[in-house]
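One structure below.
Quick note: the coordinates plus some simple rules give every number you see, no bench work behind them. Computed from a prediction, not measured in an experiment: that's the story for all the values here. Ideal geometry is used to build each Cβ from the backbone, glycine not excepted, and the neighbour counts take in all protein chains shown.
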Amino acid sequence: MSVEVRHETPEDRQSIWTVNRSAFDADAEADLVDALRDGGFVVVSLVAAIGGKIVGHILFSRLTIITSVGTVEAVSLAPMAVLPSHQRQGIGSKLVEAGVDACRKQGHRIVVVLGHPDFYRRCGFSADLASSIENPFGGGEAWMAMELVPGVLEGIEGQVEYPAPFNAFE
Ligand SMILES: CC(C)(COP(=O)(O)OP(=O)(O)OC[C@H]1O[C@@H](n2cnc3c(N)ncnc32)[C@H](O)[C@@H]1OP(=O)(O)O)[C@@H](O)C(=O)NCCC(=O)NCCS
């Protein structure tokens, strides 16, 4: 059966929580999704469904890069999850591609992510692009960025400020 990627609807809330809970084997990321949604921070939230069953989810939320000359708006990709039974079948890659596309269409210019280096590199993220931007969680090669407008990160040095729901992870 084919995979449908679409924007979340209010009816998807419980399924999205369950997909995140299953993929991370913990409540924290699932609760983070609810907190970001309830706090009004969500930019894009997509689900992957097979035959009507939600098997994957990706969320992008607003964040700010604080620089010495002002603030720069960006979005953070976090969290994303695919049910363990459906991983390594290309669903995660599809979600990233569709999610980045939706962010670009909304006029967003920068996406940052902290996660599996190989996976996100393959999706077009770069640790080099994020090297002048600090984040409160560290991460080394796992800290990456993508320019949705070529060159938009040139000369930007600063520190990201995540929305409050991420404080639970500090
Ligand atoms: C990461 C995740 C979203 C990828 O979704 P997916 O549908 O499996 O991704 P795709 O099939 O498009 O791509 C598979 C690639 O993802 C990466 N990947 C998948 N699971 C991984 C894991 N547990 N650790 C590291 N990399 C992983 C690998 O690069 C893999 O490529 P490979 O099969 O050639 O090794 C999914 O594995 C998941 O939900 N993991 C648990 C939750 C999580 O870690 N979320 C991301 C936080 S940054």
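Annotations
- Residues Y120, Y162 arranged by fewest to most Cβ contacts within 10 Å: Y162, Y120
- Over the chain: helical MRE at 222 nm, DSSP H runs n ≥ 4 each giving -39500 (n - 2.57), nearest 500: -8000 deg cm²/dmol
- Residue exposure proxy: F137, F41, ordered by other Cβ atoms within 10 angstrom of their Cβ from fewest to most, comes out as F137, F41.
- Cα-projected label distance for S22 with R121, points at 7 Å along beta-carbon direction, nm: 3.0
- The chain: relative contact order as a whole-number percent, Cα under 8 Å and 6+ apart: 21
- Stretching the chain fully between D128 and R104 yields a gain of 6.6 nm (0.36 nm per residue, less the alpha carbon separation).
- Positive minus negative residues near T64 (Lys, Arg vs Asp, Glu; Cβ under 10 Å): -1
- The angle between the Cα long axis of helix 13-24 and the longest principal axis of the Cα atoms of the chain comes to about 70 degrees, rounded to the nearest 10.
- Using the alpha carbons alone, the radius of gyration of segment 3-163 stands to its Kirkwood radius in an Rg to Rh ratio of 0.96.
- Residues H57, H86 arranged by fewest to most Cβ contacts within 10 Å: H86, H57
- Per-pair calculated FRET efficiency, R0 = 25 Å: I50 and R13 via Cβ, rounded to 0.05: 0.85
- Near the amide H of I110, within less than 5 Å, lie the amide hydrogens of V75, L148, all on another chain or at least 5 residues away, with H placed in the peptide plane.
- Proximal charge balance of R13 [Cβ under 10 Å; K/R count +1, D/E count -1]: -3
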